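Remarks on the structure that follows.
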Amino acid sequence: MRPHRFDSIEYDFSQLANRFTYEELIAHLPEILTRDLDDNLCVCNSIAKKRVIRAMHEGAGSMAQIREACMAGDGTGCCKLQLKHLLDAIQKLKDA
């Protein structure tokens with residue numbers, strides 16, 4: 001797979017679950033990022049948005065870690081902008 005400009009994003013979410021439950025994380029994210037949680041965020045691999053957020057909650061803080069955890073972003077890359085928005089929003093919550 002060809003490198004993508006967002007592939008260099010890497011946050012440390014290893015302790016995220018110690019700070020927020022999954023439900024609290026969802027509740028604190030911007031509403032636009034939590035719409036249609038059961039719908040596929042990654043259509044290439046049929047990965048629901050809630051599965052991606054769960055992977056981040058469990059410590060996936062980079063595109064590579066997300067791909068490893070749930071296979072999102074492993075196809076054409078059309079979901080990478082949405083993945084970036086989720087990564088950035090969760091990092092912002094973590095830093096607050």
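The values are calculated or read from the model by the stated rules, or taken from the named source; none is laboratory data. Not measured: the values here are computed from a predicted model. Using ideal geometry, Cβ is built from the backbone for each residue, glycine included, and neighbour counts are taken over all protein chains shown.
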Q) Out of the residues in region 43-68 that are of a type in the set (A, V, I, L, M) and touching a strand residue (DSSP E or B) at 6+ places or on another chain (Cβ under 7 Å), which is surrounded by the fewest Cβ atoms within 10 Å (Cβ to Cβ)? A) 48
Q: Report, by residue number, each residue of region 6-42 that is of a type in the set (Gly, Ala, Ser) and either more than 19 Å from residue 93 (Cβ to Cβ) or surrounded by 16 or more Cβ atoms within 10 Å (Cβ to Cβ) (or both).
A: 8
Q.
For region 69-96, which positions are among the charged types (D, E, K, R), surrounded by fewer than 19 Cβ atoms within 10 Å (Cβ to Cβ) and closer than 15 Å to residue 45 by Cβ?
A. 74
Q.
Given the criteria within 10 Å of the chain's Cα centre (by Cα) and within 16 Å of residue 32 (Cβ to Cβ), does residue 93 qualify?
A. no
Q. With respect to residue 94, is the statement that it is basic (Lys, Arg), at pLDDT below 95 and not in a loop (DSSP other than H, G, I, E, B) true?
A. yes
Q) Among the residues of region 7-63, which ones are aromatic (Phe, Trp, Tyr) and touching a Gly at 6+ places or on another chain (Cβ under 6 Å)? A) 11, 13
